[in-house]
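See below for the structure under consideration.
The values are calculated or read from the model by the stated rules, or taken from the named source; none is laboratory data. Note that this is a predicted model, so its numbers are computed, not measured. Neighbour counts run over all protein chains shown; Cβ positions are idealised from the backbone, glycine included. Side chains are part of the model used for accessible areas, which takes the heavy atoms of the whole protein and leaves out ligands, DNA and RNA. Shrake-Rupley method; radii C 1.70, N 1.55, O 1.52, S 1.80 Å.
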Amino acid sequence: MRTGRKSSFNPGRPFSKAAARTRRYGFLIGLAVLFLLADLALAWWNPMESSRRFYKNDFTKTLYHHSWARTGSVFFGNSAVTGAYMENKSSHPLTEMGLSYGRITDLKAILEKGLYQVKDELVVGIDVHTMIDDMQTDPTYQWFKKPYQPYIYAYRDYFRDSGTEAVKSLYAGAVELDAGKLLDYQPRWIDKELYFGLKEKAWMAERWDYYDKLWGHLTLPDFRENLDALAWVADYAAEHGLALRVIWMPWHKDFPKPPYVEPLKAEANRILAEHGTPVLDVMDRYSAEYFHDLVHLNREVGAPLFTKEVDEWLRSFAKPSNS
């Protein structure tokens, strides 16, 4: 018997919930896809290299000053190489690839990832800090970015810095009604740090104490990653037909070398001898007037002398002419 009451059964209700869930998840998926596409576009633009609004690391500066060439003969090292080797004064010019805090593990990463293709000749400068495994470094070096990291996350601190500057420019332009200030910015420094003049002995003594507190206790295991990387680089050079040369970079003779240096040199030289790699040791060669501080030669007299000596050493390997 019909009572006239409508049934509460609604077969469409479950499908409505499913549709709502689909719309909700679809929106989130759409946001994720949009973020991914935006990050891919950002990585393609690569403002950390291409835009002067952003900080530039020393590897990027090397590319910039060589018309973005990513192949050639190279003189690799840390800031000691940057300060000492004058590429523009060299009669045997190499691409100066001195990197702030540069280590042999960085060179290995550059070669492994194909970020630069070394041709013909690879000179490696090693100073007292080049092979410290736990040496602080520049986190913006390209080889440190993990493949799974979003571009904007990997360089978030630098986007924050440049973004803050952009907001200030927009605000100043809006307040002052000056269209020229809307997109105004200060181009980031694009040159590497060089070293002029001589530091006072008292300053260098304090610096020696600072280095000693940080690293004076180190022993060979603290260099294992870089010693292994040195062997890897030597193997890579042999496999790719590169003439590998190694230079022990200058140290200020008025101060004792860190206690780990001699055991480290002995182990590194053993590895290099096994690979038949020529070594030039100028660690104890230069007197005080050639230095800016403990590890950097000055540009006035130290760097020109070093560059001349390296040129002569490298030319000594040239095959004599048949003429």
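General observations
- For the range 284-303, the tally of residues that are in contact (Cβ under 8 Å) with a residue 40 or more places away in the chain and closer than 21 Å to Lys257 by Cα stands at 13.
- Criterion: at pLDDT 95 or above, surrounded by 14 or more Cβ atoms within 10 Å (Cβ to Cβ) and within 25 Å of Arg299 (Cα to Cα) - qualifying residue of Glu96, Glu193: Glu96
- Breaking point among (1) free of Cβ contacts under 8 Å to residues at least 40 places away in the same chain; (2) within 23 Å of Met204 (Cα to Cα), for Val279: (2)
- Cβ pairs under 8 Å, 6+ apart, first in the range 186-205 and touching a residue at least 60 places away in the same chain (Cβ under 8 Å) and over 14 Å from Gly83 (Cα atoms), second surrounded by 11 or more Cβ atoms within 10 Å (Cβ to Cβ) and among the aliphatic types (A, V, I, L, M): Met204/Leu294
- Of all residues in the range 233-284, those satisfying the criterion of being part of a strand (DSSP E or B) and either more than 22 Å from Ser73 (Cβ to Cβ) or in contact with a Phe, Trp or Tyr (Cβ under 6 Å, 6 or more places away or on another chain) (or both) are Leu280, Asp281.
- Residue within the range 154-174 that is surrounded by 14 or more Cβ atoms within 10 Å (Cβ to Cβ), small (Gly, Ala, Ser) and modelled with pLDDT of 85 or more present: no
- Extreme residue, least open to solvent (accessible area, probe 1.4 Å), among residues of the range 48-76 that are part of a helix (DSSP H, G or I), without any contact (Cβ under 8 Å) to a residue 60 or more places away in the chain and farther than 15 Å from Asp138 by Cα: Leu63
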